[in-house]
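Below is one structure, written out as structure tokens; the observations come after it.
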Amino acid sequence: MKLTLNLTLFLLTMVVSADKSLSLTDYQIRKTCQKEKNKLTCVKTLKEKRFILQKGNHIEIPVIPYKRKSY
């Protein structure tokens, strides 16, 4: 009984959240690109990636390692 309940809840959440894709807003794109040297190129590439993501295609997302501060 517990297994069927867990499976049903899992499938329900997958169906509900499958159609949504979270993309950056214009404000978030501008805020992210403030740190970059070439802001216009950064904004252009992020907007292109957002458009591709909203169409349903896959995009590559680079992973930036976290640099921990030493105390």
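Which of the residues belonging to region 33-71 are among the hydroxyl-bearing types (Ser, Thr, Tyr) and modelled with pLDDT of 85 or more?
Answer for region 33-71, where residues must be among the hydroxyl-bearing types (Ser, Thr, Tyr) and modelled with pLDDT of 85 or more: Thr41, Thr45.
State which residue pairs qualify: first residue farther than 18 Å from Arg30 by Cα and surrounded by 10 or more Cβ atoms within 10 Å (Cβ to Cβ) and inside region 44-68, second residue at pLDDT 80 or above and not hydrophobic (A, V, I, L, M, F, W, C) in any location, beta carbons under 7 Å apart, and separation of 6 or more residues or different chains.
Partner pairs satisfying both residue conditions: Ile59/Lys49.
In this structure, is Lys20 modelled with pLDDT under 80 and under 12 Å from the mean Cα position of the chain (by Cα)?
yes
The values are calculated or read from the model by the stated rules, or taken from the named source; none is laboratory data. Note that the coordinates shown come from a computational prediction; the quantities given were computed from them, not determined experimentally. Backbone-built Cβ (ideal geometry, glycine too); neighbour counts: all protein chains shown.
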